[in-house]
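Heads up: the structure comes next, in structure tokens.
The values are calculated or read from the model by the stated rules, or taken from the named source; none is laboratory data. Computed from a predicted structure; not experimentally measured. Cβ: placed from backbone, ideal geometry, glycine included. Neighbour counts: every protein chain shown.
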Amino acid sequence: MPEEPPFVAGLLTGLRSAEGWNQAKTEVDFYDVKGILENIFAALDVSGYSFEVREPEPFYHPGKSAFIICNGDVIGSLGELHPTVQEAYGLEKPLFYFELNFEKMVECRREDHTVSAPSRFPDTYRDIALLVDDDVSAEAVVNCARKVKAAEIAR
């Protein structure tokens, strides 16, 4: 009997965000699962994939599932479980499932990796420029700033 390839699978159900006075009580949906997969693919540098709607697996809800295709191969699927499956297991809330063939997913990783040098001028949140006479030392400017005792400039 041939050995099954390694699969990665996940389930998602319930609220999209933790409960709180300022959080909407929005349930997760198909697009949350799709977004999670897109983040996994980005982190693993998987490219050239697409989500295609085809005849669904029998355990998926019709119209709420897709296959993940890469290089012409099916590397996984995602979708909402069929209501009869949920009922059979006594599940009251919609349940979203995904599975990925790990070996095929790794084959879809990009071969070339682009690396760029960091900026010579990194982002800053605050900047200050001063015009002082040439005879004023940097130490004098720093000491003056420290006398103000403002946390933002006294570091």
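All conditions in (1) modelled with pLDDT of 90 or more; (2) among the acidic types (Asp, Glu); (3) under 30 Å from THR114 (Cβ atoms) hold for GLU87, with the sole exception of (3). Just a yes or no: is a residue in segment 99-106 modelled with pLDDT of 75 or more, among the basic types (Lys, Arg) and out of contact with any Cys (no Cβ under 8 Å at 6 or more places or on another chain)? No, because not a single residue in segment 99-106 is modelled with pLDDT of 75 or more, among the basic types (Lys, Arg) and out of contact with any Cys (no Cβ under 8 Å at 6 or more places or on another chain). On the basis of being outside any helix (DSSP H, G or I), of a type in the set (S, T, N, Q) and under 23 Å from VAL33 (Cβ atoms), does SER50 make the cut? When the stated conditions are applied, SER50 passes them. Each residue in segment 64-87 was checked for being farther than 18 Å from LEU12 by Cα and not in a loop (DSSP other than H, G, I, E, B), and 5 of them qualify. Tell me whether segment 105-117 contains one or more residues that are more than 19 Å from PHE7 (Cβ to Cβ) and surrounded by 13 or more Cβ atoms within 10 Å (Cβ to Cβ). Checked against the condition, which is being more than 19 Å from PHE7 (Cβ to Cβ) and surrounded by 13 or more Cβ atoms within 10 Å (Cβ to Cβ), segment 105-117 yields no hits at all. Of the residues screened, ALA24 is not one that is surrounded by fewer than 12 Cβ atoms within 10 Å (Cβ to Cβ) and assigned to a helix (DSSP H, G or I).
Restricting the first member to segment 24-50 and to residues that are over 17 Å from PRO94 (Cα atoms), and the second to residues that are surrounded by fewer than 10 Cβ atoms within 10 Å (Cβ to Cβ) and of a type outside the set (Gly, Ala, Ser), the beta-carbon pairs closer than 9 Å and six or more apart or on different chains are ASP45/HIS113.
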